[in-house]
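J.: First the structure, then my questions, so here it is.
The values are calculated or read from the model by the stated rules, or taken from the named source; none is laboratory data. In this text, all values refer to a predicted model and were calculated from it rather than measured experimentally. When we count neighbours, we look across all protein chains shown, and the Cβ atoms used for this are built from the backbone with ideal geometry, even at glycine.
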Amino acid sequence: MIEATVSAGYVKATIDFVLTKGITLNQLLLDSKFNPTDFDDLDKRLLMSDYIKLIRNAKELTKDEALILHFCENTNIEKFTIVGLICGSVSTMGEALKQLNRFSQLVVETDLFMENKRFELTQDGDGYWLEDMRINPNQFYELTEATFGRFICEFNRYFLGKPFLKALHVTHSETSYSAEYDRLFNVPIQYDSPRNAMQIDPTWLSVEISNSTKYVFGILIKHAEDLLLQLKSSTSIKGKVERLILPKLHTGVVNMQWAANEMSTTRQTLYRKLKAENISFESLFDELRHKMAIHYLNGNKTSVNETAYLVGFSDPSSFSKAFKRWTGISPNKFKSKK
């Protein structure tokens, strides 16, 4: 899997909030890989896996299972990330969404399928939906809480009394603190949904942001573009290979020589670079197929045979054998449990 990162500013804001709960910094960081000097540069990248451990530890220490929802409610995103400042300097909520899609990875890196945007606007018989497109969201469902909690809390901070949310769907199961979901979102909520999405009033996109300024926007955009370039260039070889493979996973052309050619390097050089990151091309490819198969079957939008094709198996029986090796059960049995 790609070793995702999170901005130091976001981690620090989370820590600062936790400390208001009566927890000391030493307590919070005792079993953490973070140290106070990590936050001297708020644009620094820290490992997402370490952040997840921090959140789980913080919830246990504070005895606040709804910690992330309360974090969204009691903090202002403009105070700790350039993305929040950018979204606050444009003219409408629709433009803010566009910039959020452009720069959201500067806050938290997420795994997306192919070239999807993080947030997609869709329409069905019920109305308009804003869907979070990240893969395998239930591995860290608190990020779903942070995402939708931030949408509703930041909007209410400036436009209280102008509700835009009509319904909320989340892929994770109902939590022990669902009453806090009801209080914060105040709309019908569907748990164990095939998607993470908010049903929105379409007029939300045209809501004007009163404190927008083109001058500030121009300065912020330049800095954000520089940070995004740094983030992309610092991605591990493993991550670069995964991003290369994803759009071609279904084609059957993927192998190590193909990847080396696409990266303008030799097979031997790619082998050495992956080995330095303690992984082989074969295991990386296998992990990616496994991850995407779970993603497709969890979504309940593709059959087992369609999933086999999408992850690069021409023979469904070969896919079934591989899936059983990955999970211990057949894909049909896995799908029937959903």
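J.: Output the number of residues of the range 179-223 satisfying the condition of being modelled with pLDDT of 75 or more and closer than 14 Å to Glu95 by Cβ.
T.: 7
J.: Quick one: count up the residues across the range 1-49 that are under 20 Å from Asp64 (Cβ atoms) and part of a helix (DSSP H, G or I).
T.: Final tally of qualifying residues: 15.
J.: Could you list, in sequence order, the residues of the range 30-46 that are in contact with a Leu (Cβ under 8 Å, 6 or more places away or on another chain) and surrounded by 13 or more Cβ atoms within 10 Å (Cβ to Cβ)?
T.: Ser32, Lys33, Phe34, Asp38, Asp43, Arg45, listed by residue number.
J.: Would you be able to tell me the number of residues in the range 169-195 that are exposed (fewer than 14 other Cβ atoms within 10 Å of the Cβ) and in a helix (DSSP H, G or I)?
T.: Final tally of qualifying residues: 4.
J.: Kindly indicate whether Arg102 is within 20 Å of the chain's Cα centre (by Cα), of a type in the set (Lys, Arg) and either over 20 Å from Phe119 (Cα atoms) or modelled with pLDDT of 95 or more (or both).
T.: no
J.: Same structure again: Count, please, the residues in the range 279-306 that happen to be at pLDDT 90 or above and of a type in the set (Ser, Thr, Tyr).
T.: Qualifying residue count, the range 279-306: 2.
J.: Just for the range 230-244: of the residues that are assigned to a helix (DSSP H, G or I) and at pLDDT below 75, which one is farthest from Leu270 (Cα to Cα)?
T.: My answer is Leu231.
J.: For the range 250-291, name all the residues that are crowded, with 19+ Cβ neighbours inside 10 Å and touching a Gly at 6+ places or on another chain (Cβ under 9 Å).
T.: Val254, Phe285, Arg289
J.: Could you go through the range 51-62 and let me know if any residue there is of a type in the set (Phe, Trp, Tyr), over 19 Å from Phe148 (Cα atoms) and in the same structural domain as Gln105 (by TED's automatic domain parsing).
T.: Checked the range 51-62: no residue is of a type in the set (Phe, Trp, Tyr), over 19 Å from Phe148 (Cα atoms) and in the same structural domain as Gln105 (by TED's automatic domain parsing).
J.: Okay, next question. Return a yes/no flag: does the range 125-138 have any residue that is modelled with pLDDT of 90 or more, under 22 Å from Ala66 (Cα atoms) and assigned to a helix (DSSP H, G or I).
T.: Among the residues of the range 125-138, at least one is modelled with pLDDT of 90 or more, under 22 Å from Ala66 (Cα atoms) and assigned to a helix (DSSP H, G or I), which makes the answer yes.
J.: What residue, of Leu54, Leu69, Leu97, Leu112, is part of a loop (DSSP other than H, G, I, E, B) and aliphatic (A, V, I, L, M)?
T.: Among Leu54, Leu69, Leu97, Leu112, only Leu112 is part of a loop (DSSP other than H, G, I, E, B) and aliphatic (A, V, I, L, M).
J.: In the range 105-117, which residue that is modelled with pLDDT of 85 or more and over 9 Å from the mean Cα position of the chain (by Cα) is surrounded by the fewest Cβ atoms within 10 Å (Cβ to Cβ)?
T.: Val107
J.: In the range 297-312, what residues are within 16 Å of Ser193 (Cβ to Cβ) and buried (at least 20 other Cβ atoms within 10 Å of the Cβ)?
T.: Leu297
J.: Restricting to the range 82-103, and then to whatever is touching a strand residue (DSSP E or B) at 6+ places or on another chain (Cβ under 8 Å) and either under 30 Å from Glu287 (Cβ atoms) or among the aromatic types (Phe, Trp, Tyr) (or both), can you tell me which residue is surrounded by the most Cβ atoms within 10 Å (Cβ to Cβ)?
T.: Out of the qualifying residues, it is Leu100.
J.: Applying the selection to the range 261-301, what residues are closer than 17 Å to Pro247 by Cβ and small (Gly, Ala, Ser)?
T.: If the condition is that a residue be closer than 17 Å to Pro247 by Cβ and small (Gly, Ala, Ser), then Ala293 is the only one that fits.
J.: Within the range 51-71, which residues are touching a residue at least 12 places away in the same chain (Cβ under 8 Å) and surrounded by fewer than 16 Cβ atoms within 10 Å (Cβ to Cβ)?
T.: Scanning the range 51-71 gives Lys53, Glu65.
J.: Looking only at the range 139-165, which residues are crowded, with 16+ Cβ neighbours inside 10 Å and either among the basic types (Lys, Arg) or in a strand (DSSP E or B) (or both)?
T.: Within the range 139-165, Arg150, Leu165 qualify.
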